[in-house]
1. Taking N68 and the conditions (1) more than 19 Å from V2 (Cα to Cα); (2) open to solvent by 30 Å² or more (accessible area, probe 1.4 Å); (3) over 12 Å from the mean Cα position of the chain (by Cα), which numbered condition does it fall short on, given that it satisfies the others?
2. Looking at (1) more than 15 Å from the chain's Cα centre (by Cα); (2) of a type in the set (S, T, Y); (3) over 22 Å from P14 (Cβ atoms); (4) surrounded by 15 or more Cβ atoms within 10 Å (Cβ to Cβ), find the lone condition where T118 falls short.
3. For G54, are the conditions met, namely being open to solvent by 30 Å² or more (accessible area, probe 1.4 Å) and over 22 Å from Q116 (Cα atoms)?
4. Return the pair list, or none, for Cβ contacts closer than 7 Å from residues in the stretch 81-94 that are open to solvent by 40 Å² or more (accessible area, probe 1.4 Å) to residues that are among the polar types (S, T, N, Q), at least 6 apart or on different chains.
5. Among the residues of the stretch 97-115, write down those that are crowded, with 18+ Cβ neighbours inside 10 Å and part of a strand (DSSP E or B).
6. Which of the residues belonging to the stretch 1-23 are in contact with a Pro (Cβ under 9 Å, 6 or more places away or on another chain) and open to solvent by less than 30 Å² (accessible area, probe 1.4 Å)?
7. Taking the stretch 24-51, which residues are without any contact (Cβ under 8 Å) to a residue 60 or more places away in the chain, open to solvent by 40 Å² or more (accessible area, probe 1.4 Å), in a strand (DSSP E or B) and of a type outside the set (S, T, N, Q)?
8. Return a yes/no flag: does the stretch 59-77 have any residue that is outside any loop (DSSP other than H, G, I, E, B) and farther than 12 Å from L20 by Cα.
Amino acid sequence: QVQLVESGGGLVQPGGSLTLSCAASGSIATIATMAWYRQTPGKEREWVASVYAGGTATYNSSITGRFNAFRDSDKTTMYLQMNTLKPDDTALYYCSAQIRPKDTYELDTYWGHGTQVTVSS
């Protein structure tokens with residue numbers, strides 16, 4: 001069974017830094033794009049960053065220059081290094097991934113359960 005598990009969230013002061021991780025596990029044949037999203041109460045889920053299989057990352061313009069997304073060497077874990085955090089970065093951060101499970105020909109989107117980031121003094 002394919003799973004995505006986020007970790008690394010917590011409480012941080014404005015201007016501080018935090019690094020999130022997302023680990024994919026299970027019966028996986030291929031992982032294509034992995035991405036970070038975030039959501040606050042009463043708002044729609046917002047795309048944060050994507051890391052493609054080749055390692056290239058793209059970012060929402062609202063965080064460009066402050067966040068760095070990348071994957072490890074085997075491409076199964078994705079990270080989000082967050083710097084110069086602002087109160088409006090407070091959200092539940094979700095990991096998603098386009099994954100082809102073993103013994104299938106489908107590339108499906110999977111989601112983790114999220115990790116909370118709170119930026120407050």
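1. (3)
2. Every condition holds for T118 apart from (3).
3. yes
4. Every condition considered, the pairs that remain are Q81/T19; Q81/N68; N83/S17; P87/S120; L92/Q39; L92/Q116.
5. Answer for the stretch 97-115, where residues must be crowded, with 18+ Cβ neighbours inside 10 Å and part of a strand (DSSP E or B): A97, I99, Y110, T115.
6. Our first condition is that a residue be in contact with a Pro (Cβ under 9 Å, 6 or more places away or on another chain); within the stretch 1-23, this holds for 1-2, 14.
Selection gives V2 alone.
7. Those that are without any contact (Cβ under 8 Å) to a residue 60 or more places away in the chain, open to solvent by 40 Å² or more (accessible area, probe 1.4 Å), in a strand (DSSP E or B) and of a type outside the set (S, T, N, Q): Y37, E46, W47.
8. Looking through the stretch 59-77, at least one residue is outside any loop (DSSP other than H, G, I, E, B) and farther than 12 Å from L20 by Cα.
The values are calculated or read from the model by the stated rules, or taken from the named source; none is laboratory data. Everything numeric here is computed off the predicted structure, so don't read it as measured data. Here Cβ is always computed from backbone atoms with ideal geometry, including for glycine, and neighbour counts include all displayed protein chains. The area values use the complete protein model at the heavy-atom level, side chains included, leaving out ligands, DNA and RNA. Shrake-Rupley method; radii C 1.70, N 1.55, O 1.52, S 1.80 Å.
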